[in-house]
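Encoded as structure tokens, the structure appears first; notes follow it.
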Amino acid sequence: MQASPKVTVVTGGSRGIGAATCRRLATDGHDIVIGYAADREAAETVADAVRAAGRRAEVCRADVTIADDVRELFDRAATLGAVTGLVNNAGVITGRGAFVGLTESDLRRVVEVNIVGAMLCAQEAVRRMGSGGAIVNVSSAASTLGSPGEYVHYAASKAAVDTLTIGLSKELGPAGIRVNAVSPGIIRTEIHEAGRVERLGPQQPLGRAGDPEEVAAAIAWLLSDEASYVTGTNLRVAGGR
């Protein structure tokens, strides 16, 4: 008998770490639902790569801060089969610089996407998953570094994601659902302002910035059967930072 397919939802899957994760999971045998906020063309490009790897792919526009959108995202996943995985990757940085200069809008948007969005997606995933399901929350090395003078509010939001990971891993363990996190450091993605990666990459203990594919590899492992006894773990992919 063939094993049931793995069906994984990846939020923020149209670019950066999310896109790399979709491509990697496809090579590992996952069918993928690619959640995106605005750029459908980019999401379709990722879907084409998933299909080229021999797996099924769906794209779905979803604002993760809206419960109805999140339900629609998982309804789309259900067309591929029972949901077995969630990569909670959607995240934003709005506003940079000294904390005191951030606007209320900056603060609310970061909290709503990075915290409330992750919670809504995790809730819906749990409603759909059976024993053996797995959630990976994408946090950040900033959660322990604080990012003073750059984006303290973003760092604080990712610290909340870390706590969510710990709490859910303990609550859902008896149901056979694993919950872990990855904490990327300086990775070559569009979330950084121009020049930041080039400036900070050489300052890392490993002497360079990371690539999205290196984070995707960690996410893929946490979703795999090889990590079947791993839950409540935060895997730091930050070059020693």
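Answer yes if at least one residue in the range 140-152 is of a type in the set (F, W, Y), closer than 30 Å to G101 by Cα and either free of Cβ contacts under 8 Å to residues at least 60 places away in the same chain or buried (at least 22 other Cβ atoms within 10 Å of the Cβ) (or both), and no otherwise. Looking for residues that are of a type in the set (F, W, Y), closer than 30 Å to G101 by Cα and either free of Cβ contacts under 8 Å to residues at least 60 places away in the same chain or buried (at least 22 other Cβ atoms within 10 Å of the Cβ) (or both), one finds at least one in the range 140-152, hence yes.
When I93, I66 are checked against the criterion of being in contact with a Phe, Trp or Tyr (Cβ under 9 Å, 6 or more places away or on another chain) and either without any contact (Cβ under 8 Å) to a residue 40 or more places away in the chain or aliphatic (A, V, I, L, M) (or both), I93 stands alone in meeting it.
Here the range 1-19 is the region considered, the condition is being touching a residue at least 12 places away in the same chain (Cβ under 8 Å) and assigned to a loop (DSSP other than H, G, I, E, B), and the residue that is farthest from D69 (Cα to Cα) is S4.
Listed residues A26, A53; which is over 17 Å from the mean Cα position of the chain (by Cα) and aliphatic (A, V, I, L, M)? Write out each step before concluding.
Working: A26 fails: over 17 Å from the mean Cα position of the chain (by Cα).
The match here is A53.
Take residues that are crowded, with 22+ Cβ neighbours inside 10 Å and of a type in the set (V, I, T) and tell me which of the strands (runs of 3 or more DSSP E) falling wholly in the range 20-137 contain 2 or more.
Values: elements: 30-36, 57-61, 85-88.
Here the list reads 30-36.
Each row is one residue, and each column tells you yes or no for (1) under 19 Å from the mean Cα position of the chain (by Cα); (2) among the hydrophobic types (A, V, I, L, M, F, W, C); (3) within 30 Å of T84 (Cα to Cα).
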residue: R178; (1), (2), (3): yes, no, yes
residue: A194; (1), (2), (3): no, yes, no
residue: E198; (1), (2), (3): no, no, no
residue: G201; (1), (2), (3): no, no, no
residue: P205; (1), (2), (3): no, no, no
residue: E213; (1), (2), (3): yes, no, yes
residue: T231; (1), (2), (3): yes, no, yes
residue: R236; (1), (2), (3): yes, no, yes
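Does G176 qualify as being on the phi > 0 side of the Ramachandran plot and crowded, with 20+ Cβ neighbours inside 10 Å?
Working: on the phi > 0 side of the Ramachandran plot: yes; crowded, with 20+ Cβ neighbours inside 10 Å: no.
No: the conditions fail for G176.
Out of R236, R188, one residue alone is over 19 Å from R15 (Cα atoms) and not aliphatic (A, V, I, L, M). It is R236.
Every number in this text was worked out from the coordinates using simple rules, so none of it is lab data. These figures come from a predicted structure and were not determined experimentally. Note that each Cβ is placed from the backbone with ideal geometry, even for glycine, and that neighbours are counted across all protein chains shown.
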